[in-house]
Each structure stands twice: as C-alpha cells, then as structure tokens.
1. Of all residues in the stretch 169-211, count the ones that are surrounded by 13 or more Cβ atoms within 10 Å (Cβ to Cβ) and either β-branched (V, I, T) or touching a Pro at 6+ places or on another chain (Cβ under 8 Å) (or both).
2. Take the conditions over 18 Å from M94 (Cα atoms), over 19 Å from the mean Cα position of the chain (by Cα), of a type outside the set (D, E, K, R) and part of a helix (DSSP H, G or I) and apply them to I6. Does it pass?
3. Among the residues of the stretch 28-48, is there at least one that is under 26 Å from K106 (Cβ atoms), without any contact (Cβ under 8 Å) to a residue 24 or more places away in the chain, more than 23 Å from the chain's Cα centre (by Cα) and assigned to a helix (DSSP H, G or I)?
4. Please report, ordered by residue number, the helices (runs of 4 or more DSSP H) entirely within the stretch 122-226 with at least 2 residues that are without any contact (Cβ under 8 Å) to a residue 24 or more places away in the chain.
5. Looking at the stretch 52-68 only, could you name the residues that are crowded, with 16+ Cβ neighbours inside 10 Å, assigned to a helix (DSSP H, G or I) and either modelled with pLDDT under 90 or not small (G, A, S) (or both)?
6. Can you find a residue that is over 30 Å from Y151 (Cβ atoms), among the aliphatic types (A, V, I, L, M), part of a helix (DSSP H, G or I) and touching a helix residue (DSSP H, G or I) at 6+ places or on another chain (Cβ under 7 Å) anywhere in the stretch 69-82?
Amino acid sequence: MKVEAILEDLNSLGDSRAIAAWKKLGMDTSRFYGVGLTRIRDYAKKLRKNHALAIALWDSGIFDARVLATFVADPSLASEELLDRWATESTYWMLTDKLVSELAVKTPYARARVEAWTRSPDDHVRRAGWSLLDTLAKTDKSLADALFLPYLAAIQRRLQHEENWVKEAMNNALIAIGTRNAALNRSALAVATALGRVHVDYGDTSCQTPDALKALSGGRVQARIR
C-alpha cells in the first residue's frame, strides 16, 4: 500500500474533537489529522510489519502517520541511528511514548538508548530516555536493581528543574522503579520523599500529576512487591 493512500485514509479517520483536545495540551496541530490511537492501532494491524513503509510514513512529517510508523516498524531492522533520529524528531510526548513502547524497547539497543537519551541536551530526547526507562522497569524483570540506582539519584537531583514533559516521564519512571521489588521501593520512596510534590502542567485539562509518594507507599503497590 502506498503512503499517499494511507495518508488519505488517516485524514478521513481524523476527528476535529481530538484536534481541539490536543491543542489544550499545547500540541502544534498544524500537521495532525486527529486520528485516535485505537484507530491507528487497528489500521496498523492491516499493514503488519513493513519497515520500509514505516520509514516512508515517518518521513511524511504527519503526526498521525509517524505514530502509525512506530507500530509498523520492524524492531529487528531498526538501527541505533534510526532510533536516535526518530527520538529527536518526536516533538510531542505522545509520539515519543509510542516510539518507546512500540519500537525502541523491543530492540537490542534499549538499555544503551536509556543511557544516551537521558543525558541528551534535547528535551524531547530526554523524555524518550526516561519513558524508555519507565517501560523497561515495568516489562524487563531480568534487570538488576543496581541498574536503576544511578537513575534514582539523577531523578532526585534533576526532576524539579526539568522541562515539563521530561519531568512527567521522570516521575513515571520513579514510580515504575519503585514497584519492582521491596528494596527498590524503599529507595524510590526515599527519593519521592526528598522531592516532595511534583507538578506537571497539563494545560487546560483535568489531568493531574501522579503522586509518587502516595503511589509508592500505598497498600496496593506494597502487595505487588511482596
């Protein structure tokens, strides 16, 4: 299927209400059709994995097509250079998070990208790095506790001074790390206590910042790590 036909399909699936909602969150919607994530995911199932098509979709510059590209790209064919380019070009958090959860975490480069991306001077790339750490903390049970301790220290030093969407990703990573086991829970809880309340600006919406201190000291979380 040609990219032009896919873009026409995506445009037809767009919703003006979605565009209005994303504008409230501060997104530049000039190259955005407003296709919901569920519809993009369903459309990707029809296309299946097609790495060349994914690259062409990404290169269209259309936000919805780039989200679709993260589903269609083949993790076994993705290079570190492609991941780095896409992370740099992911200029809004939802696209960054899809790049991480649908592609980057499934490649052999995930741990190396966390290390590189969380140190990047580009705030979009830093968001990708912390989001990738969050995803690894939730999904890769083979990782040793020692891997996460330097990142907890970095969260304590840097979170309150970070860019808005990087701050959100760091806060989410803190919670994810603290739910892996009892030892990491204690370490993450100490960081959350030192940080105090974290505020993420969600614009003109009802979204609220997850309370890491509450999440890490709650009974439901404790039950998960016993």
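The values are calculated or read from the model by the stated rules, or taken from the named source; none is laboratory data. Predicted model, so just to flag it, every value in this text is computed and none were measured. FYI the Cβ positions are ideal-geometry reconstructions off the backbone, even for glycines, and counts take in every protein chain you see.
1. Residues in the stretch 169-211 being surrounded by 13 or more Cβ atoms within 10 Å (Cβ to Cβ) and either β-branched (V, I, T) or touching a Pro at 6+ places or on another chain (Cβ under 8 Å) (or both): 10 in total.
2. For I6, the condition - over 18 Å from M94 (Cα atoms), over 19 Å from the mean Cα position of the chain (by Cα), of a type outside the set (D, E, K, R) and part of a helix (DSSP H, G or I) - is met.
3. Within the stretch 28-48, one or more residues are under 26 Å from K106 (Cβ atoms), without any contact (Cβ under 8 Å) to a residue 24 or more places away in the chain, more than 23 Å from the chain's Cα centre (by Cα) and assigned to a helix (DSSP H, G or I).
4. 145-158, 182-195, 219-225
5. Result: L53, I55, L57, W58, F63, D64, R66, V67, L68.
6. Yes, some residue in the stretch 69-82 is over 30 Å from Y151 (Cβ atoms), among the aliphatic types (A, V, I, L, M), part of a helix (DSSP H, G or I) and touching a helix residue (DSSP H, G or I) at 6+ places or on another chain (Cβ under 7 Å).
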